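Chemist: Below is a structure I'd like to ask you about.
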Amino acid sequence: MDPVITVKDMCTGYAGQPVVHDLNFDVMPGEVLCLLGPNGAGKTTTMLALAGELPLIEGEVHFAGMKSNAPLYKRARNGMSYVTEERSVFKGMTLRDNLRIGGVSVDEAVALFPELGKRLGVRGGLLSGGEQQMLTLARALGRKPRLLLADELSLGLAPLVVDRLLQAVRRAADETGTAVIMVEQHAHKALNYTDHAIVMRRGRVGLDLTGEQARHRIGEVEQAYLTSAGGDVNAGEADLAAHHQARPNANNSAG
């Protein structure tokens, strides 16, 4: 079985200035990789580069067996979905019509999130934050992607909603073979659904662990969030600025 995505010696950043250095990993079909680390560590920069929203400075990304320099909309056509914490919904349209535009049936969405079944006629802007993110994730997973990139999809949501989202991600990996790369601040929760964990610090790999190892070393993993060595100030500011600049395009391309 071949990896869905392979990252070799990846270096990426902004305006030619590297933020992420020497990143290497494979993600197999049905595998969930979680990127962890403090703010400014380079997690979102990594996701934007994998999605084709940032150019590589060095290294290679191979997606679906081919070296890829394509933009996100072309990667989306080849089976990549990118979900962020920004709810990618059409607020003036009903939940049902949001699904229709995404090419996902109501039955598929409700199978993932039964909570949505009673909200089909509600406009997207009147849904709760959790319901909006369930809708966004249902649209992404309903297309049976080869690869799901999920960047802080649980940000600002209640713990029960976080569990529902992570359960759906795990189910997609197990049942349809979707490969998953997710960034998640809820390390305790995320690691319950993870096969492979990478803890990043200052744009580099600090720890590279199996899911089981990470669960047993949760104290060490969480310590990475408390240290001031998480990321340089300038790198973190650049990461945040580009994060907000690039994400609307990412959502429109692959929501």
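Chemist: Would you call A51 within 15 Å of R75 (Cβ to Cβ) and among the small types (G, A, S)? Before the answer, list the steps.
Modeler: On the way: within 15 Å of R75 (Cβ to Cβ): yes; among the small types (G, A, S): yes.
Yes.
Chemist: Given (1) within 27 Å of T6 (Cα to Cα); (2) basic (K, R); (3) over 20 Å from the mean Cα position of the chain (by Cα), identify the lone condition not met by R100.
Modeler: (1)
Chemist: The conditions are (1) buried (at least 16 other Cβ atoms within 10 Å of the Cβ); (2) touching a residue at least 12 places away in the same chain (Cβ under 8 Å), and E115 fails exactly one of them. Which is it?
Modeler: All conditions pass for E115, except number (1).
Chemist: Oh, and also: When you go through L149, L157 one by one, which is the residue that is surrounded by 17 or more Cβ atoms within 10 Å (Cβ to Cβ), within 14 Å of T84 (Cβ to Cβ) and at pLDDT 95 or above? Break it down stepwise before answering.
Modeler: Numbers: L157 fails: at pLDDT 95 or above.
After applying the criteria, what remains is L149.
Chemist: Just to be sure I understand the filter: pairs with C-beta atoms under 7 Å, separated by 6 or more residues or on different chains, first member in segment 78-102 and over 27 Å from T44 (Cα atoms), second member basic (K, R). Which pairs pass?
Modeler: Taking only residues 6 or more apart or on different chains, the pairs are G92/R123; M93/R123; T94/R123; L95/R119.
Chemist: Another one. Would you be able to tell me the number of residues in segment 163-182 that are of a type in the set (K, R) and either in contact with a helix residue (DSSP H, G or I) (Cβ under 6 Å, 6 or more places away or on another chain) or surrounded by 23 or more Cβ atoms within 10 Å (Cβ to Cβ) (or both)? Walk me through how you get there before you give the answer.
Modeler: Just the residues of segment 163-182 that are of a type in the set (K, R), to begin with: 164, 170-171.
Add one more test, that the residue is either in contact with a helix residue (DSSP H, G or I) (Cβ under 6 Å, 6 or more places away or on another chain) or surrounded by 23 or more Cβ atoms within 10 Å (Cβ to Cβ) (or both), and what stays is 170.
Total satisfying the criteria: 1.
Chemist: Follow-up question, since we're still on this one. Working only within segment 62-80, note down all residues that are surrounded by fewer than 22 Cβ atoms within 10 Å (Cβ to Cβ) and not in a helix (DSSP H, G or I).
Modeler: Passing the criteria: H62, A64, G65, M66, K67, S68, N69, A70, P71, N78, G79.
Chemist: For segment 30-52, enumerate the residues that are over 10 Å from the mean Cα position of the chain (by Cα), surrounded by fewer than 24 Cβ atoms within 10 Å (Cβ to Cβ) and either of a type in the set (D, E) or modelled with pLDDT of 95 or more (or both).
Modeler: G30, E31
Chemist: If you don't mind, another one. In segment 183-238, which residue that is hydrophobic (A, V, I, L, M, F, W, C) and surrounded by fewer than 17 Cβ atoms within 10 Å (Cβ to Cβ) is modelled with the lowest pLDDT?
Modeler: Here is the first cut: in segment 183-238, the residues hydrophobic (A, V, I, L, M, F, W, C) are 183, 187, 190-191, 197-200, 205, 207, 209, 214, 218, 221, 224, 226, 229, 233, 235, 238.
Narrowing further to those that are surrounded by fewer than 17 Cβ atoms within 10 Å (Cβ to Cβ): 218, 226, 229, 233.
Details: I218: 90, L226: 60, A229: 46, V233: 36.
Of everything passing the filter in segment 183-238, V233 is modelled with the lowest pLDDT.
Chemist: Moving on to the next point. Given the conditions (1) closer than 19 Å to L155 by Cα; (2) in contact with a His (Cβ under 6 Å, 6 or more places away or on another chain), report the number of the one that A190 does not fulfil.
Modeler: Just one mismatch for A190, condition (2).
Chemist: Here are the criteria: (1) polar (S, T, N, Q); (2) over 21 Å from the mean Cα position of the chain (by Cα); (3) within 19 Å of G177 (Cβ to Cβ). Tell me which single one S81 does not satisfy.
Modeler: Condition (2) is where S81 drops out.
Chemist: Starting from segment 29-52, take each residue that is in a loop (DSSP other than H, G, I, E, B) and list its partners that are among the hydroxyl-bearing types (S, T, Y), counting only C-beta distances under 6 angstrom and pairs at least six apart or across chains.
Modeler: Pairs that qualify, where the first residue is in a loop (DSSP other than H, G, I, E, B) and the partner is among the hydroxyl-bearing types (S, T, Y), are P38/Y225.
Chemist: Assess whether G124 counts as being surrounded by fewer than 16 Cβ atoms within 10 Å (Cβ to Cβ), of a type in the set (G, A, S) and more than 21 Å from T176 (Cβ to Cβ).
Modeler: On the way: surrounded by fewer than 16 Cβ atoms within 10 Å (Cβ to Cβ): no; of a type in the set (G, A, S): yes; more than 21 Å from T176 (Cβ to Cβ): yes.
Judged against the criteria, G124 is not a match.
Chemist: Right, here's the next one. Can you pull out the residues in segment 56-70 that are touching a residue at least 40 places away in the same chain (Cβ under 8 Å) and either out of contact with any strand residue (DSSP E or B) (no Cβ under 7 Å at 6 or more places or on another chain) or among the basic types (K, R) (or both)? Explain how you work it out, then say what you get.
Modeler: Let us first name the residues in segment 56-70 that are touching a residue at least 40 places away in the same chain (Cβ under 8 Å), namely 56-65.
Of everything in segment 56-70, those that are touching a residue at least 40 places away in the same chain (Cβ under 8 Å) and either out of contact with any strand residue (DSSP E or B) (no Cβ under 7 Å at 6 or more places or on another chain) or among the basic types (K, R) (or both) turn out to be A64, G65.
Chemist: Would you confirm whether any residue within segment 86-98 is crowded, with 20+ Cβ neighbours inside 10 Å and part of a helix (DSSP H, G or I)?
Modeler: Checking segment 86-98: at least one residue is crowded, with 20+ Cβ neighbours inside 10 Å and part of a helix (DSSP H, G or I).
Chemist: I would also like to ask the following. Quick one: in segment 1-29, of everything that is out of contact with any strand residue (DSSP E or B) (no Cβ under 7 Å at 6 or more places or on another chain) and closer than 27 Å to Q167 by Cα, which residue is surrounded by the fewest Cβ atoms within 10 Å (Cβ to Cβ)?
Modeler: Here the residue is M1.
Chemist: Mind telling me which of the residues L126, L137, L112, L120 ends up being under 14 Å from the mean Cα position of the chain (by Cα) and among the hydrophobic types (A, V, I, L, M, F, W, C)?
Modeler: Numbers: L126 fails: under 14 Å from the mean Cα position of the chain (by Cα); L112 fails: under 14 Å from the mean Cα position of the chain (by Cα); L120 fails: under 14 Å from the mean Cα position of the chain (by Cα).
When all the criteria are applied, what remains is L137.
The values are calculated or read from the model by the stated rules, or taken from the named source; none is laboratory data. Source: prediction; values computed, not measured. For neighbour counting, all protein chains shown are included, and Cβ atoms are generated from backbone atoms with ideal geometry for every residue, glycine included.
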